[in-house]
Amino acid sequence: MATGFHGVGAAVAALSSSPSNSFDSKKLLCSPRRSFPVRKGASFVVDRSDGSVNLDNNPKARRAQQLIVNAVANKADSSPASSSSKPGHELLLFEALREGLEEEMDRDPRVCVMGEDVGHYGGSYKVTRGLAEKFGDLRVLDTPIAENSFTGMGIGAAMTGLRPVVEGMNMGFLLLAFNQISNNCGMLHYTSGGQFTIPIVIRGPGGVGRQLGAEHSQRLESYFQSIPGIQMVACSTPYNAKGLMKAAIRSENPVILFEHVLLYNLKERLPDEDYICNLEEAEMVRPGEHVTILTYSRMRYHVMQAAKTLVNKGYDPEVIDIRSLKPFDLHTIGNSVKKTHRVLIVEECMRTGGIGASLTAAITENFHDYLDAPIMCLSSQDVPTPYAGTLEEWTVVQPAQIVTAVEQLCK
Amino acid sequence: MALSHLASSSPSRSANLLKPLSSAISLRRPISTDTTPITVETSVPFTAHQCEAPSRTVQTNAKELATFFRDMVVMRRMEIAADSLYKAKLIRGFCHLYDGQEAVAVGMEAALTKKDCIITSYRDHCTFVARGGTLLEVFAELMGRQAGCSKGKGGSMHFYKKDSNFYGGHGIVGAQVPLGCGLAFAQKYCKDEAVTFALYGDGAANQGQLFEALNISALWDLPAILVCENNHYGMGTAEWRAAKSPAYYKRGDYAPGLKVDGMDALAVKQACAFAKEHALKNGPIILEMDTYRYHGHSMSDPGSTYRTRDEITGVRQERDPIERIRKLILSHDLSTDKELKDIEKEVRKEVDDAIAQAKENPVPEPSELFSDVYAKGLGVESFGADRKEVRATLA
């Protein structure tokens, strides 16, 4: 049973359900062996970005093995250690998505892709390029411009056991399929008393781009977050894009994978071996002591840029990419809050009813006692995204605002 | 003795029924096992759009007719009982009754196998029963009890039966049609050689997603059959006020269509068999079932503000599906009036027993509130990549 060695930095803790978690940092550093059962035939590794299990003991040991160096300087380096193991291969984010999708399609004949221009055109963001030639027209399906019905068809197909990946050319277009996503996708497992699962993946780019205009700059995660029964994840690096894509396809639950229009060309070195990112887990981007900054998707990069400035000013921010928008990984987040006692949320959703608003409520409810200051949430303005470049810049959160916020929070 | 049945015939409209083309007036075997073929003509010929209409002549047998009769009586009794239960406040919320339309459910079932999929709207109680659902499951679900087909969590509009490929049971008008085309897509993908019947009403026929789904199904050659159960009223609005073109079987344009008398179970069976054969070879086809519902749209609708009581009683007298089969059975001397009445009594008792049993059934446990939200009860637990082992408790 071969398990890939994933390197020193990534915390490879066997987070089993055994109560007595003897946390041996030495053991962690040198023995890569996992103790969880691996499916026969597949050798894969789970990237646990945060090794913390029970933090009541050994915070120092935990810090020692989290050798995520220079997280501030680099952008998407969630797995810096991968380069120290096998060479791996470099991919852009959209290529990473494609690779994940292709691997899953190879692995499971029930996986198919539906969307506008995904087939012969190769995908408007090239995520599905080459797949139609490889898998044929019945597995990579070009749909007419009819989101409501082809999303519904994907859900119907999922009810029988197929695993469709439905692409919205822009997440904003999925508003037309809201009924299907909310009522049929999210609720059918419940209203049928558990008879049907809907293993569908709905994915597409969203977020504020470069002067794309109001209708093409929407953040659908805030609209979908209340739908019961779905899971939502947001990818931000090529590594987690591929990992989350694969995990989403393998999940029995309907998963909405949010990509960002501006992140498709990020480059990163990915490991050659098979791996998956845990759908419900947050990613520790930069451990710190003074303040917890929670973010996701594109804002992660604004935060890291601000972190550079903050470090120079003497602050030590802990940056967590929450990745899982529904459900929140309150385990990782809570542990961080218990350590730093200050929280700043930086998101691209609008102020009203966004992911940040829900996250603020969740943290306040669960970790109120650990907070030394009220939670600060930086979100986009409650306006339609304007076309003019300068105005668009002011709509979203910029690094300078993040720096100011941290300074205020840590006063 | 046969003549006395013929003599008791009602108006000339049913004259067609009483003229069997080849009757077997012989020693009468027990009706429920007799499979000697009987040939009957449907009440009216089929009207076709872009295809050749099937023949009016239908093959059936005593066993089938007996099954039709019994099944429709069960459905009728069940719906009427649901009416009383609703008025007694044991059923809450929305309750959409199917009485009058039973022929569509039984006729369709006779033409299909359990490998074929059926998906319908919220008027799903009888279709569920036709697919093999039990009366207890129906009443328990309507009353929100554990023994319900959806464990009491779905309600009247969310009946499902996965093992007989019955996909529900949907509350939003028209949303089931794209789902149905997705089922057909899966059947084609997996090379099932089976078809999907996606049922909707004349009200839903004006939904855009229907035409979107039909377009995609036609492009991809999916074995999808769209069945419009035209009961002439979309909630409280008559069809001529809602649709510029109420010829629903023609509205597929490029897709062929067939108009069927939905009150004649044999015509329904013939049309569905024809449609199944057609869809497997040529892609989607539309069936319009000309039918009628005696109740209002739902229990909160008296059903008489937008149509006259005379109209309702008129249809009941002239076109009632159960009466049609009864007359067929009697005219072919397959059973006696008394035997049929005995069946009705028996069914009544069966329904009453099921209701009593359902009333005894407990309400769901409080923990059921949180089960089945996610597969494997996710929510507050984080699973590893293989989705099998619980990694952490998140909250």
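Scanning segment A:161-177 for residues that are assigned to a helix (DSSP H, G or I) and either more than 13 Å from chain B (Cβ to nearest Cβ) or farther than 21 Å from B:Leu210 by Cβ (or both) gives A:Met171, A:Gly172, A:Phe173, A:Leu174, A:Leu175.
A quick yes/no check of all residues on (1) at pLDDT below 95; (2) under 26 Å from B:Ala184 (Cβ atoms):
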site: B:Tyr248; (1), (2): no, yes
site: B:Gly252; (1), (2): yes, yes
site: B:Val260; (1), (2): no, yes
site: B:Ala267; (1), (2): no, yes
site: B:Pro284; (1), (2): no, yes
site: B:Ser300; (1), (2): yes, no
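Of the residues screened, B:Ala88 is not one that is within 12 Å of chain A (Cβ to nearest Cβ) and farther than 26 Å from B:Val268 by Cβ.
Annotation note: Cβ proximity below 6 Å between a residue of segment B:341-364 that is more than 15 Å from B:Ile91 (Cβ to Cβ) and a residue that is assigned to a helix (DSSP H, G or I) (sequence gap 6+ or interchain) occurs for B:Ile343/B:Arg70; B:Glu344/B:Val73; B:Val347/B:Val73; B:Val347/B:Val74; B:Val347/B:Arg77; B:Arg348/B:Arg77; B:Gln357/B:Leu136. Is segment A:332-339 home to any residue that is within 13 Å of chain B (Cβ to nearest Cβ), closer than 27 Å to A:Thr395 by Cβ and either surrounded by fewer than 23 Cβ atoms within 10 Å (Cβ to Cβ) or in contact (Cβ under 8 Å) with a residue 24 or more places away in the chain (or both)? So far as segment A:332-339 goes, yes, one or more of its residues are within 13 Å of chain B (Cβ to nearest Cβ), closer than 27 Å to A:Thr395 by Cβ and either surrounded by fewer than 23 Cβ atoms within 10 Å (Cβ to Cβ) or in contact (Cβ under 8 Å) with a residue 24 or more places away in the chain (or both). Of everything in segment A:113-149 that is under 22 Å from A:Leu188 (Cα atoms) and assigned to a helix (DSSP H, G or I), the residue that is farthest from the other protein chains (Cβ to nearest Cβ) is A:Glu147.
Kindly evaluate A:Gly206 against the criterion of being within 25 Å of A:Ala96 (Cβ to Cβ) and out of contact with any Pro (no Cβ under 9 Å at 6 or more places or on another chain).
When the stated conditions are applied, A:Gly206 passes them.
With the condition kept exactly as written, say whether any residue in segment A:179-197 is more than 13 Å from every other protein chain (Cβ to nearest Cβ), surrounded by 24 or more Cβ atoms within 10 Å (Cβ to Cβ) and in contact (Cβ under 8 Å) with a residue 24 or more places away in the chain.
No, that holds for no residue.
Listed by first and then second residue, the pairs linking a residue in segment A:364-375 that is without any contact (Cβ under 8 Å) to a residue 12 or more places away in the chain to a residue that is in a helix (DSSP H, G or I) and among the aromatic types (Phe, Trp, Tyr), with Cβ atoms under 9 Å apart and 6 or more places separating them unless they lie on different chains, form an empty list.
In segment A:89-110, the residues that are without any contact (Cβ under 8 Å) to a residue 40 or more places away in the chain form Cβ pairs under 6 Å with partners that are part of a loop (DSSP other than H, G, I, E, B), at six or more places apart or across chains, as follows: A:Arg98/A:Val127. For residues that are part of a helix (DSSP H, G or I) and out of contact with any strand residue (DSSP E or B) (no Cβ under 8 Å at 6 or more places or on another chain), scanning just segment A:235-267, find the one that is nearest to the other protein chains (Cβ to nearest Cβ). Result: A:Leu263. Among (1) closer than 18 Å to B:Gln187 by Cβ; (2) of a type in the set (Asp, Glu); (3) touching a strand residue (DSSP E or B) at 6+ places or on another chain (Cβ under 9 Å), where does A:Asp142 come up short? Unmet for A:Asp142, out of (1) closer than 18 Å to B:Gln187 by Cβ; (2) of a type in the set (Asp, Glu); (3) touching a strand residue (DSSP E or B) at 6+ places or on another chain (Cβ under 9 Å): (1). Only one of the numbered conditions (1) within 25 Å of A:Ala241 (Cβ to Cβ); (2) more than 24 Å from the chain's Cα centre (by Cα); (3) surrounded by 21 or more Cβ atoms within 10 Å (Cβ to Cβ); (4) facing chain B (nearest Cβ under 10 Å) is not met by A:Gly152, and that is (1).
Which is of a type in the set (Val, Ile, Thr) and at pLDDT below 95, of B:Thr305, B:Thr313?
It is B:Thr305.
Considered as a group, the residues in segment A:208-234 that are polar (S, T, N, Q) and within 14 Å of another protein chain (Cβ to nearest Cβ) include one that is nearest to A:Phe178 (Cα to Cα), and that residue is A:Ser226.
So for segment B:351-364 (the condition being assigned to a helix (DSSP H, G or I), within 30 Å of A:Tyr190 (Cβ to Cβ) and over 26 Å from the mean Cα position of the chain (by Cα)), does at least one residue qualify? Yes; the residues of segment B:351-364 include at least one that is assigned to a helix (DSSP H, G or I), within 30 Å of A:Tyr190 (Cβ to Cβ) and over 26 Å from the mean Cα position of the chain (by Cα).
Kindly indicate whether any position in segment A:357-373 is surrounded by 14 or more Cβ atoms within 10 Å (Cβ to Cβ) and under 19 Å from A:Tyr315 (Cα atoms). Yes, some residue in segment A:357-373 is surrounded by 14 or more Cβ atoms within 10 Å (Cβ to Cβ) and under 19 Å from A:Tyr315 (Cα atoms). With respect to the stated conditions, B:Phe46 fails to be closer than 27 Å to B:Glu346 by Cα and either surrounded by 22 or more Cβ atoms within 10 Å (Cβ to Cβ) or over 18 Å from the mean Cα position of the chain (by Cα) (or both).
Let's see how each residue does on (1) in contact with a strand residue (DSSP E or B) (Cβ under 9 Å, 6 or more places away or on another chain); (2) more than 8 Å from every other protein chain (Cβ to nearest Cβ); (3) touching a residue at least 40 places away in the same chain (Cβ under 8 Å):
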| site | (1), (2), (3) |
| --- | --- |
| B:Val129 | no, yes, yes |
| B:Gly133 | yes, yes, no |
| B:Leu142 | no, yes, yes |
| B:Gln146 | no, yes, yes |
| B:Tyr167 | yes, no, yes |
| B:Val195 | yes, yes, yes |
| B:Leu199 | yes, yes, yes |
| B:Ser217 | yes, yes, yes |
| B:Leu222 | yes, yes, yes |
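The values are calculated or read from the model by the stated rules, or taken from the named source; none is laboratory data. All of these numbers come straight from a predicted model, not from anything done at the bench. Cβ sites come from the backbone with ideal geometry, for glycine too, and all protein chains shown count toward neighbours.
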